[in-house]
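A.B. asks: Below you'll find the structure I mean.
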Amino acid sequence: MQFTFYKYHGTGNDFILADNRNGFFPKDDVALISHLCKRHTGIGADGLILLEEDIDSDFRMVYFNADGKEGSMCGNGGRCAVVFARKMGLIENTTIFSAVDGLHEAILEGNEVRLKMQDVDTIREKPEYLFLNTGSPHHVQMVDDLKSFDVQREGRRLRYGLYGKSGSNINFVEESEQNKFSVRTYERGVENETLSCGTGVTAVAISMHHLGHASANEVVVLTPGGQLVVTFEKENGRYTEINLKGPVKLVYKGSMEW
């Protein structure tokens, strides 16, 4: 079988996207999806996203991690899916779409997408880290000298050692300046550091505000792949109106047989 795919990235977080409204793609084929995402022998990506029909919204986003298994919400993937949906003629500059964690609103502003994330009302605070769910589970930990920090080793150790088989994404953070932070993320499902993680960036912004390191309700987060901005409101300890904003770029279009 041959299928047409599009490769997009959001601040270096890259995805294979395909239009699956006719249901052609074998979603239960873990080995195939993993193969497509492999860097050296496949297309190469942090994940695969299928665009499908949805009765309650403009489209449904189905996301698979690079290991071939269906994943939790992906913020950068969601932003890429919005641009892809516009390319497929499903939307114009605004949309409501469905993902694994529910409905999301998004607005296209030039080459950037502003994606509304789910509310956060629970933040688990520990002496050395915070844990919260922003559509995906995230461990957020401040470190010194982020540039030389061994993200692969420490991320893997915490992902399995602290969170067991189900795991968590692990974010290591350093303050750059007021209301601006740098982050490097070890992503479960990819089992490696990625250039950017949208739900991770969202978790970092909220965590830094919760701890008092950020004073504004607009936080800039620098990833190895580029800059993202998170805005939010806070009332009675609950974070609402959370929006993740940043660029999306089409890398190329291709076809592949299997």
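A.B. asks: Rg/Rh for segment 1-107: what does it come to with C-alpha atoms and Rh from Kirkwood? Display every interim value, and only then the final one.
C.D. replies: Working: Rg = 12.8 Å, Rh = 13.7 Å.
Answer for segment 1-107: 0.94.
A.B. asks: Inverting the mean 1/r over all pairs of different Cα atoms, compute the Kirkwood radius of segment 123-246 and quote it in Å. Don't skip to the end; give the middle numbers.
C.D. replies: Details: mean 1/r = 0.0704 Å⁻¹.
Averaging 1/r across every pair of different Cα atoms and inverting gives 14.2 Å.
A.B. asks: Next up: In which sequence would Val140, Val100 go, from the one with the fewest C-beta neighbours within 10 Å to the one with the most? Write down the numbers at each step before the final one.
C.D. replies: Values: Val140 27, Val100 15.
Starting with the residue having the fewest Cβ neighbours, the order is Val100, Val140.
A.B. asks: If you don't mind, there's one more thing I want to ask. On a straight-distance basis, which lysines could pair with Lys38 in a cross-link, Cα separation under 23 angstrom, same-chain partners fewer than 8 positions away excluded?
C.D. replies: The qualifying lysines are Lys7, Lys27, Lys69, Lys165, Lys249, Lys253.
A.B. asks: So what's the back-of-envelope 222 nm ellipticity for the chain, counting only DSSP H runs of four-plus at -39500 (n - 2.57) apiece and dividing by all residues, rounded to 500?
C.D. replies: After summing the helix terms and dividing by residue count, I get -5500 deg cm²/dmol.
A.B. asks: Of Asn133, Asn217, Asn169, which has the largest mean-square fluctuation in a 10 Å C-alpha GNM of the chain?
C.D. replies: Asn217
A.B. asks: Sticking with this structure for a sec: Can you work out ³J(HN,Hα) from phi for every residue in segment 15-27, in order, using Karplus 6.51 cos²θ - 1.76 cosθ + 1.60 and θ = phi - 60°, giving whole Hz and x for Gly and Pro?
C.D. replies: Once θ is set to phi - 60°, the couplings for segment 15-27 become 9, 8, 10, 9, 7, 10, 5, 8, x, 6, 7, x, 5 Hz.
A.B. asks: Further question: For the charge dipole of the chain, defined by +1 on Lys and Arg C-beta atoms and -1 on Asp and Glu C-beta atoms about the Cα centroid, which residue among Gly110, Tyr186, Asn93 has the Cα displaced farthest towards the positive pole?
C.D. replies: Tyr186
A.B. asks: For the residues Asp119, Asp19, Asp58, Asp145, what sequence is obtained by ranking on other C-beta atoms within 10 Å, fewest first?
C.D. replies: Asp145, Asp119, Asp58, Asp19
A.B. asks: If the elastic network links every pair of Cα atoms under 10 Å, which of Pro26, Pro224, Pro127 fluctuates the most in the Gaussian network model of the chain?
C.D. replies: Pro127
A.B. asks: Which of these, Ile43, Ile170, Ile16, has the largest mean-square fluctuation under a Gaussian network model of the chain (Cα springs below 10 Å)?
C.D. replies: Ile43
A.B. asks: Please turn the phi angles of segment 2-9 into ³J(HN,Hα) values with the Karplus equation 6.51 cos²θ - 1.76 cosθ + 1.60 (θ = phi - 60°), one per residue in order, whole Hz, x for glycine and proline.
C.D. replies: Each residue of segment 2-9 in turn: 10, 9, 8, 10, 10, 9, 10, 9 Hz.
A.B. asks: OK, next. Within segment 104-136, which GluC sites (Glu not before Pro) sit in a loop by DSSP and count at most 13 neighbouring Cβ atoms inside 10 Å? The partial results should precede the final answer.
C.D. replies: Details: sites: Glu105, Glu109, Glu112, Glu125, Glu128; in loops: Glu128.
Passing both the DSSP loop test and the Cβ count: Glu128.
Just so you know, all these numbers are worked out from the coordinates, no wet-lab data involved. It should be emphasised that the depicted structure is a prediction, and the values quoted were computed from it without experimental measurement. Because the Cβ atoms are built from the backbone with ideal geometry, glycine has one as well, and the counts that use them run over all protein chains shown.
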